[in-house]
Structures are given as structure tokens and as C-alpha cells.
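As C-alpha cells, the structure follows; a few thoughts come after it.
The values are calculated or read from the model by the stated rules, or taken from the named source; none is laboratory data. Everything numeric in this text was worked out from a predicted model, so none of it was measured. In this analysis, Cβ positions are derived from the backbone assuming ideal geometry, glycine residues included, and neighbour counts consider all displayed protein chains.
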Amino acid sequence: MCDYAFLGDMGESPRAVNIAQLFIGQILKPGDTAVDATTGNGNDTLFLAKLVGQAGKVHSFDIQADALTKTSSRLEKEGLTGNVTLYKRGHEFMDEYINVNSCQAIMFNLGYLPGGNKNITSLPQTTLQATEKALKALAPGGRLSMVVYRGHLGAVEEAETLDNVISSLDAYLFWTARMTFPNKDDSSPYVILVQKKGGCKK
């Protein structure tokens, strides 16, 4: 039986990224395989690497060398380089490195690199491709989280594309949720959560 009571651990001021990590952290364990589809400054990569441990594996993708350099440095400080592979490639190519039904967790944090070039952002078409491949890569019972930002160029189209994909998923195969913050402005991020069924009762 799946436990969706993860919201009880959020504290007083939860953010979209907190919700995503709580959702993923509830099921990921040592020895598992995980993907950070948008490396950024390495927050999710480091989070995943700690959870899967030395016996597990994390695949982390980003097109910006600066993101990978910062993430590599953070992993070295934590002694976690052995279980992480960093790819200087877009997340739409993840299927070249990851098998179908092989990942227990996949995380996306869309938008642009915090502190980086705001003109380099995730794009609707490549995010769509990556999402479709990520859904195939999830193992039964595996979870996918997407923090969706709406403040950059192309963000509205990207959000609409993702909403259409997630809402069209077969309810017999996937559990889905979309979490927003109604008392914040329309540009605030929201969270998409998906679990592939098979690891829990419908």
C-alpha cells in the first residue's frame, strides 16, 4: 500500500522544492537508481546521492558546464562522487544512458540555473521529450517530481505542455498530482508529482 501522507513533514513554510524532495525521499533507499534531469547547482543531485548511497546510482544531466562543475565540487566535499555520473547533455537524451523501468526516482527542476545566465532555460519541446522518456524509465512504484517555474521566456508554454502530458496519463498506470500555491502570484512555481503504479495497490 502506498503512503501519500508525506505532506505531514513539510514544516511551517514549505516550498515547491521541499514538497518534491519529501515525495521522492519517502521511497528512495540505498542501492536504488535515480535521475536528476536538471542538475543546476546540484541540490537535487546531492539529495539523491545521499539517499541511494554508495551501492546506488545517480545520473545527472545539464547542458551548462558551470552547473556540472559546481555540482562536482559539492559531491567531492561530501565524498559522494563514486555513485554519481554527470552528463553534459540535455535531459532529452537520458534514454541513451538509462534503461526502461530501471529508475526508482526522477527529479526535474525547470527554468534557469540560479545565479547563472537567465537566457539559458529549459525548453517546452526538449522538456516534453525528457518527460516522456522519464515516464518510461520509471520502475513500477517509482516516483517523478517536477518543479515548474513560470517566470522565464517560454515558461507558460512549457507549463501548459507538461500539464497536458500529465493529465493524459492512464490512471490505471500512473498516480498523479499537481500542487499549487493559490495565495501566491501566478508566476510562483508549482509541483507535479507522478508515481508509476505496480509498487502499490490501486
Has the range 44-62 got at least one residue that is surrounded by fewer than 19 Cβ atoms within 10 Å (Cβ to Cβ) and either under 16 Å from Gln21 (Cβ atoms) or modelled with pLDDT under 95 (or both)?
yes
Thr69: surrounded by 18 or more Cβ atoms within 10 Å (Cβ to Cβ), among the β-branched types (Val, Ile, Thr) and not in a loop (DSSP other than H, G, I, E, B), yes or no?
no
For the range 72-98, which positions are part of a helix (DSSP H, G or I) and within 18 Å of Gln125 (Cβ to Cβ)?
His91, Glu92, Phe93, Met94, Asp95, Glu96
Can you find a residue in the range 16-33 that is free of Cβ contacts under 8 Å to residues at least 12 places away in the same chain, out of contact with any Leu (no Cβ under 8 Å at 6 or more places or on another chain) and of a type outside the set (Phe, Trp, Tyr)?
yes
Of (1) closer than 25 Å to Leu169 by Cα; (2) surrounded by fewer than 23 Cβ atoms within 10 Å (Cβ to Cβ); (3) touching a strand residue (DSSP E or B) at 6+ places or on another chain (Cβ under 6 Å), Asn109 fails just (2)
